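The structure appears below as structure tokens.
Just so it is clear, none of the values below were taken in a lab; they were calculated from the coordinates. What you see is a predicted model, and the numbers here were worked out from it, not measured in a lab. With ideal geometry, Cβ positions are generated from the backbone for all residues, glycine too; neighbour counts draw on all protein chains shown.
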Amino acid sequence: MQRTIVMSTENREELYDITHRVKKAVADIDEENGLVNVYVRGATAGIMIQESWDDSVQQDVIEFLQEHIPQGVWKHDRHDGNGDAHLKSGLVGPQETIPLSEDQLMLSTWQNIFLCEFDGPRSRREILVTVS
């Protein structure tokens, strides 16, 4: 069973906590146990499980990637200026899988699920949530 989360992003690069949206999608699917796959469509975004308690962690992720994969120096930038976004997306990856047990995502206390935007702002990002 699958649900789609649709959202917009406001900044070129940012991590958006989507945990509550994923939990809602899983509740709508109405499965108690299995594996939850969270997958973002598109070649310039990713999905990451990361600490949620301290917002500086998300900023550190963005700054680390900006430092190591700068904008404007890649061959693909000649086409549309987002070569760095493709590389960042490829390294982070488009999906995460989380065990589901008795209606609960098996995330630890400090873990949340983040949409990683690397080429925003975007008026529409689609995130597929599948339980198997």
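Relative to its Kirkwood radius, the Cα radius of gyration of the stretch 1-66 gives an Rg/Rh of 0.99.
For the chain, what does -39500 (n - 2.57) per DSSP helix run (n ≥ 4), summed and divided by total residues, give at 222 nm, in deg cm²/dmol to the nearest 500? Don't skip to the answer; put the middle values down first.
Values: 4 runs with 39 residues, N = 132.
Dividing the helical sum by the residues of the chain leaves -8500 deg cm²/dmol.
With a simple spin-label model that places each label point 7 Å from the Cα along the Cα-to-Cβ direction, the separation between Arg122 and Thr109 comes to 3.4 nm.
Computed from backbone phi, the HN-Hα couplings of the stretch 83-98 come to x, 5, 5, 5, 5, 4, 4, x, 6, 6, x, x, 8, 9, 10, 10 Hz, rounded to whole numbers (Karplus: 6.51 cos²θ - 1.76 cosθ + 1.60, θ = phi - 60°; Gly and Pro given as x). Annotation: lysines with alpha-carbon distance below 25 angstrom to Lys75 (same-chain offsets under eight excluded): Lys88. Each Lys and Arg contributes +1 and each Asp and Glu -1, all at the Cβ; summed about the Cα centre of the chain, the dipole is approximately 580 debye.
What's the angle, to the nearest 10 degrees (0 to 90), between helix 19-29's Cα axis and the longest principal axis of the chain? With both axes taken from Cα atoms, the answer is about 50 degrees. Computed 3J(HN,Hα) for the stretch 121-129, one whole-Hz value per residue from the Karplus formula 6.51 cos²θ - 1.76 cosθ + 1.60 where θ = phi - 60°, is x, 10, 7, 8, 10, 10, 10, 8, 10, glycine and proline marked x.
Residue-wise HN-Hα couplings along the stretch 48-59, as the Karplus relation 6.51 cos²θ - 1.76 cosθ + 1.60 with θ = phi - 60° gives them from phi, are 9, 9, 8, 4, 10, 6, 10, 4, 5, 4, 4, 5 Hz; Gly and Pro carry x.
Count Lys and Arg as plus one, Asp and Glu as minus one, and take only other residues whose Cβ is under 12 Å from that of Glu102; the net charge is then -3. Taking amide hydrogens as modeled 1.01 Å from N in the peptide plane, which residues meet the under 5 Å criterion relative to Leu35, leaving out close sequence neighbours? The list, which skips near neighbours in sequence, is Leu100, Ser132.
Note on the stretch 2-131: Cα-only Rg and Dmax are 15.1, 50 Å.
For the stretch 2-131, the relative contact order is 52 percent, taking Cα pairs closer than 8 Å that sit 6 or more residues apart in sequence and dividing their mean separation by the residue count.
Using a Gaussian network model of the chain in which every pair of alpha carbons under 10 angstrom is joined by a spring, one finds that among Ser52, Ser108, Ser89 the greatest mean-square fluctuation is at Ser108.
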